[in-house]
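Since the structure comes first, as structure tokens, the remarks are kept for the end.
The values are calculated or read from the model by the stated rules, or taken from the named source; none is laboratory data. These numbers were taken from a predicted model, which means no experiment stands behind them. Note that we place each Cβ from the backbone using ideal geometry, even for glycine, and neighbour counts take in every protein chain shown.
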Amino acid sequence: MDYRANILNAIGNTPLVKLNKITAGLPCPVYAKVEFFNPGNSIKDRMAVKMVEEAEKSGALKPGGTIIEGTSGNTGMGLAMAAIVKGYKCIFTTTDKQSQEKIDILRAMGAEVIVCPTNVEPEDPRSYYSVANRLAREIPNSVYVNQYDNLANRLAHYEQTGPEIWEQTGGAITHLVVASGTGGTISGTGKFLKEKNPDIQNWAVDSYGSLLKKYFDTGKVDMSEVYPYITEGIGEDFVPANYDMSVIDHFEKVTDKDGALMARRIAKEEGIFVGYSAGSALQGLMQLKDRLKPEDIVVVVFHDHGSRYVGKIYNDQWMVERGFLHVHTVRDVISTRR
Ligand code: PMP
């Protein structure tokens, strides 16, 4: 018999896959760390389980307890899996910006999901942060895991994602490229790699409408950088505690349109059906390609799977409505207009 004792033991050891077409014009090879091979279809399985384990260790989470989180879906998927295997309840708060598919998936995994408005301040009692905090206070034996400030998030990547990439590249990696939200992936993975070789460049990719790059460049929280944007999973309107800016070498901003178009190219040209932020990450690298040399070895993290975005970036009509595609280039849209 060759099997895993439960689904949580199937997390990690995801493949590194060479990109062959989109990056063909670059001077060096580019490899994708394809994280949708995790059982919850995203990299967030790693940190979700780590946060639950740390809450158990500290005594914050006791048998039969409730896990509460504000999540855009991927962290929720990992937490829901961990909760089922370990015997906890889950309540998630999320925003109305998230795809309906993500919310339905969490409900299918037994979680209660509360949808909150996107365009309110974090301090507003209706925001998904505020609602999660209030529930954690009101519900006995519950823990608000808070992926933004819970350092078990970046620790999971320091212990798993970093060592895997180091091993898989035989220590030859020179550049890590990560689309960044809570900062857990870039900070944990980046720290491990810098400790192995301080010359490795860690490049974070941010979204327009987020203040992270400006904060990295100036050390100041500039709210004039913040406005609504469409890309899911990356960018923030505050600086989460998981950021270790000392291991990051550069922040690059990518537009909603360019990230979406690049995700579609990854699917069509590489045959890897990725989520939105994978498009942003690779687009960020392409914007920086003049910095690369022939001897470099680049690893780009592809955070999640395209199936969660079929009604969005993989829907031509949705792309046309946002001005990301022109109507005359889209056969399906033209045929529905006849
Ligand atoms: N892409 C997707 C799809 C995500 O769900 C997340 C998590 N917010 C990220 C990228 C960014 O990862 P991190 O939070 O570790 O910075």
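The table for this structure:
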item	result
Residue tally, condition surrounded by fewer than 24 Cβ atoms within 10 Å (Cβ to Cβ) and either part of a helix (DSSP H, G or I) or near the ligand (Cβ under 6 Å from one of its atoms) (or both), over the stretch 188-198	5
Qualifying residue in the stretch 124-140 (condition: closer than 30 Å to ASP296 by Cβ, more than 13 Å from the ligand (Cβ to nearest atom) and either in contact with a strand residue (DSSP E or B) (Cβ under 8 Å, 6 or more places away or on another chain) or of a type in the set (S, T, N, Q) (or both))	no
Test set (1) within 13 Å of the ligand (Cβ to nearest atom); (2) crowded, with 18+ Cβ neighbours inside 10 Å - SER307 fails condition number	(2)
Considering residues of the stretch 172-184 that are of a type in the set (A, V, I, L, M, F, W, C) and crowded, with 24+ Cβ neighbours inside 10 Å only, the residue nearest to the chain's Cα centre (by Cα)	ALA179
Which listed residue is within 16 Å of the ligand (Cβ to nearest atom), modelled with pLDDT of 95 or more and out of contact with any Ser or Thr (no Cβ under 6 Å at 6 or more places or on another chain), from LEU325, LEU285, LEU292	LEU285
Unique residue being over 14 Å from the mean Cα position of the chain (by Cα), free of Cβ contacts under 8 Å to residues at least 60 places away in the same chain, in a helix (DSSP H, G or I) and on the phi < 0 side of the Ramachandran plot when the list is ALA55, ALA83	ALA83
Hits in the stretch 231-271 - residues which are within 18 Å of PRO122 (Cα to Cα) and either in contact with a Lys or Arg (Cβ under 8 Å, 6 or more places away or on another chain) or not β-branched (Val, Ile, Thr) (or both)	GLU232, GLY233, GLY235, GLU236, ASP237, PHE238, PRO240, ALA241, ASN242
All positions within the stretch 121-163 that are of a type in the set (A, V, I, L, M, F, W, C), within 22 Å of the chain's Cα centre (by Cα) and in a loop (DSSP other than H, G, I, E, B)	VAL145, LEU151
Exclusive hit being of a type in the set (A, V, I, L, M, F, W, C) and within 16 Å of the ligand (Cβ to nearest atom), set VAL178, VAL120	VAL178
Residue match in the stretch 238-257 (condition: outside any helix (DSSP H, G or I), touching a Pro at 6+ places or on another chain (Cβ under 7 Å), touching a residue at least 24 places away in the same chain (Cβ under 8 Å) and more than 14 Å from the ligand (Cβ to nearest atom))	no
Filter result for THR14 (touching a residue at least 60 places away in the same chain (Cβ under 8 Å), of a type outside the set (A, V, I, L, M), in contact with a Lys or Arg (Cβ under 8 Å, 6 or more places away or on another chain) and more than 19 Å from VAL145 (Cβ to Cβ))	yes
LEU285 vs. criteria out of contact with any helix residue (DSSP H, G or I) (no Cβ under 6 Å at 6 or more places or on another chain), in contact (Cβ under 8 Å) with a residue 40 or more places away in the chain and buried (at least 21 other Cβ atoms within 10 Å of the Cβ)	yes
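Residues checked against (1) buried (at least 20 other Cβ atoms within 10 Å of the Cβ); (2) among the aromatic types (Phe, Trp, Tyr); (3) in contact (Cβ under 8 Å) with a residue 40 or more places away in the chain:
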{"position": "THR95", "(1), (2), (3)": "no, no, no"}
{"position": "GLN100", "(1), (2), (3)": "no, no, yes"}
{"position": "LEU106", "(1), (2), (3)": "yes, no, no"}
{"position": "VAL113", "(1), (2), (3)": "yes, no, no"}
{"position": "THR118", "(1), (2), (3)": "no, no, yes"}
{"position": "PRO122", "(1), (2), (3)": "no, no, yes"}
{"position": "PRO125", "(1), (2), (3)": "no, no, no"}
{"position": "TYR128", "(1), (2), (3)": "yes, yes, yes"}
{"position": "TYR144", "(1), (2), (3)": "yes, yes, yes"}
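The rows are residues; the columns are (1) in a loop (DSSP other than H, G, I, E, B); (2) within 13 Å of the ligand (Cβ to nearest atom); (3) surrounded by 22 or more Cβ atoms within 10 Å (Cβ to Cβ).
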position: ILE186; (1), (2), (3): no, yes, yes
position: LYS214; (1), (2), (3): no, no, no
position: ASP217; (1), (2), (3): no, no, no
position: PRO228; (1), (2), (3): yes, no, no
position: GLU232; (1), (2), (3): yes, yes, yes
